Every structure is written in C-alpha cells, then in structure tokens.
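J.: Can you read through this structure? Questions will come right after.
The values are calculated or read from the model by the stated rules, or taken from the named source; none is laboratory data. None of the values given here were measured: they were computed from a predicted structure. All Cβ positions, glycine included, derive from the backbone under ideal geometry; neighbour counts span all protein chains shown. Please note that ligands, DNA and RNA were not included when accessible areas were found on the heavy atoms of the full protein model with its side chains. Shrake-Rupley method; radii C 1.70, N 1.55, O 1.52, S 1.80 Å.
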Amino acid sequence: MSFLNSLFGRKDPNLVMQPLYNAVISEGRFPGWYEKGAVPDTLDGRFDMIAAILCAVLIRLDQTEEAKQEIAWLTELFVTDMEGQLRQIGIGDLIVGKRVGEMMSALGGRLGAYRDALTGDADLGEALVRNLYRGDAPASEELDFTARHLANFYDQLDQTGIDQVIAGNIAKVAS
C-alpha cells in the first residue's frame, strides 16, 4: 500500500502523524503532572491530561492553513487509540462507540476552553479546574504548577516551526 501511496503522491497518515501522537502521549504521561500538579492518576485523569496536551498541539497546528489535514489525521489517531484503550479495559462493542463519542465531545469542549486560556482570552487556572480537575480544584501550588507548565509547553510549541511539530519534535515539559 505504501508503494501505491508514494506512486500517487499520498501520505500514509499513520506514518506521518504517529511520531507526533507518540510525543503527545509521552508528554501527557509526564510524572510531574500527577506528582506535582495533582492530576488524578486514574483513567479519567490520564485522559484529561493527554487531552490537554493534545489540545495545545491542535491549537498550534490550527495556526496555519497548511496543517488542516494533519489536524484531522492526528484526531483520527486519538480516536483510534481511545477506542483501543476502551476495548482493552473490557468495554463491549455496543458501548465503545458511545464512549468514543463522549470523549470526542469532551475533547471539543476542552479545545475551546484551552484555546481561550492559552491564547490569553480566559483564565487558564479556571479552564484547568473545570476540564482537567473536573471541578475539584487542587491546592493552589499544584494548580499553579500545572498552569505554569502547560502555558510554558504551549509557548514553546508556538515558537516551534509547524514542520517540526508535525514531525513530533515538540517541547518537553520541564520538571
């Protein structure tokens, strides 16, 4: 299939976007989020943290018209991964579609909230409490840690060339 794709000038979205998706997952698993930022180390907490990192990346990619296809591909990888994760924990076929739909709806809401907060139109701490901590605010130093590091991550992304972002060469969260 890759021969035909190269023959006809098509890119394999999995090959193109997998390094970036892997980098998003890696950043979402950064232990500091959970240890110093008090993000719940649960399935929901990990989903929420990965969604926050993914949103920062999607916001960065959305700054250029040339990355529209890559946004779709990255989102498709997220859906595929979440579906696989649900199946792995034993969610049956009849429920998986509904759960993935809920996750995508949650991602869409978070994308809007984080876009407003990361670009300066809203308070990032409030967006984090509502979306990452699900309304249960951590101690102020833990919230400050998460807000500072997520904002720094986004600022570094914002200074990274779009080709580098797509290649998965994204900022690393500082400890």
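J.: If you scan segment 158-175, which residues turn out to be in contact with a Leu (Cβ under 9 Å, 6 or more places away or on another chain) and not in a loop (DSSP other than H, G, I, E, B)?
T.: D158, I162, V165, I166
J.: Does Y114 fit the bill of being touching a residue at least 24 places away in the same chain (Cβ under 8 Å), surrounded by 14 or more Cβ atoms within 10 Å (Cβ to Cβ) and part of a loop (DSSP other than H, G, I, E, B)?
T.: no
J.: Which one of these is without any contact (Cβ under 8 Å) to a residue 24 or more places away in the chain and either touching a helix residue (DSSP H, G or I) at 6+ places or on another chain (Cβ under 6 Å) or farther than 29 Å from E126 by Cβ (or both): L107, L15?
T.: L15
J.: Does segment 134-141 contain any residue that is hydrophobic (A, V, I, L, M, F, W, C) and within 16 Å of I59 (Cα to Cα)?
T.: Checked segment 134-141: no residue is hydrophobic (A, V, I, L, M, F, W, C) and within 16 Å of I59 (Cα to Cα).
Residue-wise test of (1) open to solvent by 30 Å² or more (accessible area, probe 1.4 Å); (2) modelled with pLDDT under 90; (3) in a loop (DSSP other than H, G, I, E, B); (4) out of contact with any Ser or Thr (no Cβ under 7 Å at 6 or more places or on another chain).
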{"residue": "G97", "(1), (2), (3), (4)": "yes, yes, no, yes"}
{"residue": "V100", "(1), (2), (3), (4)": "no, yes, no, yes"}
{"residue": "M103", "(1), (2), (3), (4)": "yes, yes, no, yes"}
{"residue": "R110", "(1), (2), (3), (4)": "no, no, no, yes"}
{"residue": "A122", "(1), (2), (3), (4)": "yes, no, yes, yes"}
{"residue": "G125", "(1), (2), (3), (4)": "no, no, no, yes"}
{"residue": "R134", "(1), (2), (3), (4)": "yes, no, yes, yes"}
{"residue": "F145", "(1), (2), (3), (4)": "no, no, no, yes"}
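J.: Is there any pair with a first residue in segment 139-166 that is among the charged types (D, E, K, R) and a second that is surrounded by 13 or more Cβ atoms within 10 Å (Cβ to Cβ) whose Cβ atoms are under 7 Å apart and which are 6 or more apart or on different chains, and what are they?
T.: Sorted first by the residue in segment 139-166, then by its partner, the pairs are E142/K36; E142/G37; E142/A38; D158/R60.
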